[in-house]
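Every read-out reported here was derived from the displayed coordinates using simple, explicitly stated rules and does not represent laboratory data. Computed from a prediction, not measured in an experiment: that's the story for all the values here. Cβ placement follows ideal geometry from the backbone for every residue including glycine, while neighbour counts extend to all protein chains displayed.
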Amino acid sequence: MQSQWRVIDCTKLQGRISYVRGNMRIRRDGNEGTADVPLAQVAVVLLGLRVDCSAAVLHEMARFGVSVMLCDWRGVPDAALHAWTDLPTTVTQRQLAQVGMSVPRRKNAWARIVQSKIRGQAACLDAQGIGGGGVLRAIAASVRSGDPSNCEGQAAREYWKRVFPKDLSFSRIPGKGSGRNAQLDYAYTVLRGFTIKAVISSGLIPSIGVNHHGRGNYFCLADDLLEVYRPAIDYSVAQLESTDSLNDKDVKRYLVDSVNQQFNGTGLTIPSSLNDFAQQFGLYCEKKIDRLPVPEYVGA
């Protein structure tokens, strides 16, 4: 496991965070007790609206390479703080290559990401003993450069109606805030934090993706790269009951752990695999490799 693996969720905290000798110190309002967390172990901090913290502690988080996500009342990130340290020495060269990447090269990368995601969704169904994997693999095989036929969307329709067999009426609605949707949203938020950290640490421009785009999204590339890891998270969510609430700390802890799980028995955790994937994407931008090697979930 990488040295920084912990996700500190302060979205529901009403209190103060300070810095004390290499630790972030958390104190709840009305409680004299404190909790110290070594910043050397922390990868991502989620801050809610009622957290009070100084510029000094934010500076120390940046110095330790911690990604800080500023979240709204739903726990959805609105903004983020990331360090400029520990970037590759060739960052300017890499970013120029990323900006100048040809459209065919971008489309090829996106096609490979979509294929990997769909095959991962098939593996998620297989791991649960659910039918439909063959349908998804057939869709994956038909993906063309840039996915002009929206095979990703076709696969999603087949996938979401199957992946939670106890919840036959389930409909994936991001931001709905209850049941399976809330569980997925929370786990995906944690995954996104690790992905943003990997993208920036690789010296890439997070706002320039290969498919995702939008004036209000600074992390388009992260949203592209994390797609291949979603099926691994979905499998973990499927092990919960739909009634398991995010108000239960054990449920949140389980979902955070699901993002820190080993990926495909390679010995790498998902965050470590993300770091490798982002570096490979940087090499692909620089034309040091001809094909983007994309990780693929193969099931539990």
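Based on C-alpha pairs under 8 angstrom that are at least 6 apart in sequence, region 125-186 has a relative contact order of 24 percent.
A helix-only calculation puts the chain at -13500 deg cm²/dmol for mean residue ellipticity at 222 nm, using -39500 (n - 2.57) for each DSSP H run of at least four residues, averaged over all residues. Students often get this wrong, so check it: of K176/K249; K117/K287; K107/K197, which have C-alpha atoms separated by over 22 Å? Pairs exceeding the cut-off: K117/K287; K107/K197.
Counting alpha carbon pairs within less than 8 Å and at least 6 residues apart, what relative contact order, in whole percent, applies to the chain? Normalised by residue count, the contact order of the chain is 18 percent. Ordering 173-183, 59-69 by mean Cβ neighbour count within 10 Å, with the highest value first, yields 59-69, 173-183. With the contact rule set at Cα under 8 Å and sequence spacing of 6 or more, what percent relative contact order holds for region 94-156? Over region 94-156, the number comes to 38 percent. Phi-derived couplings, Karplus 6.51 cos²θ - 1.76 cosθ + 1.60 at θ = phi - 60°, listed residue by residue for region 107-119: 5, 5, 4, 5, 4, 5, 5, 4, 4, 5, 4, 5, 5 Hz, with x used for Gly and Pro. For Cα Rg over 2.2 N^0.38 Å, the value computed from the atomic coordinates appears in the list (i) 1.01; (ii) 1.75; (iii) 1.09 under label (i).
For A122, the shell of other residues with beta-carbons less than 11 Å away shows a net charge of +1, using +1 for Lys and Arg and -1 for Asp and Glu.
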